[in-house]
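The values are calculated or read from the model by the stated rules, or taken from the named source; none is laboratory data. In this text the structure is predicted, and so the values were computed from the model without any measurement. Glycine gets a Cβ as well: all are built from the backbone with ideal geometry, and neighbour counts include every protein chain shown.
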Amino acid sequence: MYTNKAVNNWVAEMAELTKPDNIVWIDGSEEERARLAQEAVDTGEMQYLNQELLPGCMYHRTAENDVARVEHLTFICTSKREDAGPTNNWMSPDEAYGKLGALFDGSMKGRTMYAIPYLMGPAASEFSKVGIELTDSIYVVLNMRIMTRMGKVAMDYLGDSDDFVKGLHSKLDLNPERRYICHFPEDNAIWSIGSGYGGNVLLGKKCFSLRIGSYLARQQGWLAEHMLILGVEDPEGKTSYIAAAFPSACGKTNLAMMIPPEYAREKGYKVWTVGDDIAWMRIGEDGRLWAVNPEYGFFGVAPGTSMKSNPNALLTTKKNTIFTNVALTPDGNIWWEGMGTDAPAEALDWRGNPWTPASGEKAAHPNSRFTAPAGQCPCISPEWESPQGVPISAILFGGRRAKVAPLVYQSFDWEHGVFVGATMGSETTAAATGQVGVVRRDPMAMLPFCGYNMGDYFAHWLAMGKKIPNPPKIFNVNWFRTNDEGKFIWPGFGENFRVIKWVLDRCAGKTDANETAIGYMPKPEDIELTGIEDEVNGDIIRDLLSIDKDSWAAEVENQMEFFGKFDRLPDEIRTQQAGLKERLGRI
Ligand code: GTP
Ligand code: SPV
Ligand code: MN
């Protein structure tokens, strides 16, 4: 037990409710990890993988009905419904505490409660924040150990303060009928019950760093965003940083760890990863926007990760990694679709059923994931734990759009950039339960993660723009345009560097652009195509950079419909929308 009274009192109160057989206080030591790993193996909750091939790695399968975030069961519990806004599910705090309290009552009987202190952000940073997660899942403890700075380090940071996020989690019986993820921003609290899947139960991640985080950020004048952070080092050794918001499973991890194409490597360009999912951003003393990655590991999408698409991610997972819902081979190795190696002749699929390549089913779940320590990434930035973070030159918004959105365009200014972010749309993915592949509006990739009224969130972004003396430039990108056969026409992955280079040239005032109805766009000759000329010929690049008047008109209608739900939409957004409509009318 630690000595912080506020923590101890709250833990005692939660233990009275959930009635565990005993409480284990987590210290974050290696000895503790090994002991809990063995316990999880003994109970069958997890398995060791082949320790020669994958030292320190473990395997886990979730319940079949529990493989992704559940947005329809996720609630923002503010006293007033309007404060949760039109895009969040809302439950009153009284109702939520009542309903979930009844489920938590005795939920840990016969089980151990693990009390996990954790820190979001580097230990040496004054911007970091502490959470305590109480859980009855060893899988959660072992994941939190990778994803956060866990244990004594967090309690040392907290000292005798009572400023911590109170997280309570129980697997209960993993029944979706009894599954709720509730956030109480007014109480700094999160209650999650009935799930064992990452985004629903690793409370430091989406629940704290984004939903509670965004609420705190608005009050305190900063930004909590669903963004990767990467650094691009130029041949002179100067590094510029970019933050990018793409919806779940739309390429953040891949972009954050990208390897530049050969022409750029030969010139001496390098890419460094600061974070792959979340950015906390503040205005620095120098008037720029500075970003910190609050996390300590990557909870990345496994399928599609190969030595070709993302070698840095694959290499990060070679040790001390937890694999969830991938396929398991007879020699204790793992496999997934798109790993770039031949499918094993036989394996157990993510459900635990015998699988062969002839099965006609996916061996790994499309949302199967790896949990890997960020420090193991071959291209981890030397600045990734910098207490002040890194200064951001450009912000990218982007989604998965087969049509409409061009490869890249730049907003006219901050206010227009906020509009560009607010009007993001993307095809849904397997990261959340529900239909996959339908376009939905997903402002700033925060639709599922904004912990308050999204109209107020736009207003906060607009207000931040007025306060940042030297703001980043804002861009929109789309790697996912397809041709009539449904094939991607842009090669993506490392080749995205070519777009990043244009973005940074724009930030440095080194290159001109075409002014269009939607923003500044590259002159086709300004996207470097050395090495991919065959794949991306002149016609394709012109197609990638084209604006189709009719589909944009439909796009604007769809945006208007979405904004129709908002009663707190800032005037600036409407003005921007009118401006876009007017400009489109002129082409
Ligand atoms: P979350 O962890 O859910 O927030 O996702 P993420 O945004 O980090 O997505 P990630 O980088 O894991 O990419 C998800 C999927 O998109 C994978 O299947 C990738 O192979 C695919 N992907 C990523 N980048 C590109 C790209 O540039 N082009 C194409 N075509 N696919 C991509
Ligand atoms: C996402 O869904 O955006 C993720 C994975 O990054 S989860 O932690 O499940 O939210
Ligand atoms: Mn994410």
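Miscellaneous remarks
- Some residue of the stretch 154-164 being in contact with a Ser or Thr (Cβ under 6 Å, 6 or more places away or on another chain), closer than 21 Å to E31 by Cα and either at pLDDT 95 or above or aromatic (F, W, Y) (or both): no
- When each of A256, A249 is tested for being near ligand 1 (Cβ under 8 Å from one of its atoms), of a type in the set (G, A, S) and more than 10 Å from the chain's Cα centre (by Cα), the lone residue that passes is A256.
- Candidate set from the stretch 483-503 (those that are over 18 Å from E533 (Cα atoms) and surrounded by fewer than 19 Cβ atoms within 10 Å (Cβ to Cβ)); member that is nearest to ligand 3 (Cβ to nearest atom): G486
- For the stretch 233-246, a residue qualifies if it is aromatic (F, W, Y) and either more than 14 Å from ligand 1 (Cβ to nearest atom) or surrounded by fewer than 18 Cβ atoms within 10 Å (Cβ to Cβ) (or both), and exactly one does: Y241.
- For G425: the one exception among (1) farther than 23 Å from G213 by Cβ; (2) within 16 Å of ligand 1 (Cβ to nearest atom); (3) modelled with pLDDT under 95: (3)
- Single residue of the stretch 383-433 satisfying the filter (among the aromatic types (F, W, Y) and more than 19 Å from the chain's Cα centre (by Cα)) that is farthest from ligand 2 (Cβ to nearest atom): F412
- Qualifying residue in the stretch 166-176 (condition: surrounded by fewer than 24 Cβ atoms within 10 Å (Cβ to Cβ), modelled with pLDDT of 95 or more, more than 14 Å from ligand 2 (Cβ to nearest atom) and part of a helix (DSSP H, G or I)): yes
- Scope the stretch 117-151; condition more than 24 Å from G196 (Cβ to Cβ), in contact with a strand residue (DSSP E or B) (Cβ under 8 Å, 6 or more places away or on another chain) and not in a strand (DSSP E or B); matching residues: G121, P122, A123, S125, F127, S128
- Hits in the stretch 234-269 (condition: within 13 Å of ligand 2 (Cβ to nearest atom), within 16 Å of G494 (Cβ to Cβ) and of a type in the set (A, V, I, L, M)): A256
- Going through (1) without any contact (Cβ under 8 Å) to a residue 40 or more places away in the chain; (2) assigned to a helix (DSSP H, G or I) one by one, G437 falls short only on (2).
- Out of S192, S240, S248, S214, sole residue that is touching a helix residue (DSSP H, G or I) at 6+ places or on another chain (Cβ under 8 Å) and part of a loop (DSSP other than H, G, I, E, B): S248
- Here is the figure for the stretch 440-465: residues that are within 16 Å of ligand 1 (Cβ to nearest atom) and either of a type in the set (D, E, K, R) or at pLDDT below 95 (or both) total 2.
- Residue that is farthest from ligand 1 (Cβ to nearest atom) [pool: residues in the stretch 270-290 that are over 18 Å from R218 (Cα atoms) and assigned to a strand (DSSP E or B)]: K270
- Filtering the stretch 310-324 to residues that are within 16 Å of ligand 3 (Cβ to nearest atom) and part of a loop (DSSP other than H, G, I, E, B) leaves only N310.
- Which listed residue is under 20 Å from R211 (Cα atoms) and not charged (D, E, K, R), from V301, V292: V292
- In the stretch 360-371, the residues that are within 15 Å of ligand 3 (Cβ to nearest atom) and closer than 24 Å to I259 by Cβ: S368, R369, F370, T371
- Boolean, K487 is without any contact (Cβ under 8 Å) to a residue 60 or more places away in the chain, more than 16 Å from ligand 2 (Cβ to nearest atom), among the basic types (K, R) and farther than 30 Å from D66 by Cβ: yes
- Pick from the stretch 332-373, criterion β-branched (V, I, T) and in contact (Cβ under 8 Å) with a residue 40 or more places away in the chain, ranking: nearest to I146 (Cα to Cα): T371
- Here the condition is being assigned by TED's automatic domain parsing to the domain that holds G398, among the polar types (S, T, N, Q), closer than 26 Å to I587 by Cβ and part of a loop (DSSP other than H, G, I, E, B); of T530, T511, it holds for T511 alone.
- Any hit, the stretch 285-300, residues being away from ligand 3 (no atom under 16 Å from the Cβ), of a type outside the set (A, V, I, L, M, F, W, C), buried (at least 24 other Cβ atoms within 10 Å of the Cβ) and farther than 23 Å from F397 by Cα: no
- Matching residues, the stretch 463-490, being closer than 11 Å to L396 by Cβ and more than 21 Å from the chain's Cα centre (by Cα): K473
- Any chance A445 is within 16 Å of ligand 3 (Cβ to nearest atom), of a type in the set (A, V, I, L, M) and farther than 30 Å from K80 by Cβ: no
- Close pairs from the stretch 522-539: first more than 15 Å from K501 (Cα to Cα), partner of a type in the set (G, A, S) and assigned to a loop (DSSP other than H, G, I, E, B), Cβ under 9 Å, at least 6 apart: none
- Filter pass, N470 being surrounded by 21 or more Cβ atoms within 10 Å (Cβ to Cβ) and away from ligand 2 (no atom under 16 Å from the Cβ): no
- Annotation: of all residues in the stretch 265-280 being buried (at least 24 other Cβ atoms within 10 Å of the Cβ) and under 23 Å from D505 (Cβ atoms), the one that is farthest from the chain's Cα centre (by Cα) is V271.
- Of residues in the stretch 216-231 being within 16 Å of ligand 1 (Cβ to nearest atom) and either aliphatic (A, V, I, L, M) or in contact with an Asp or Glu (Cβ under 8 Å, 6 or more places away or on another chain) (or both), the one farthest from F458 (Cα to Cα): L230
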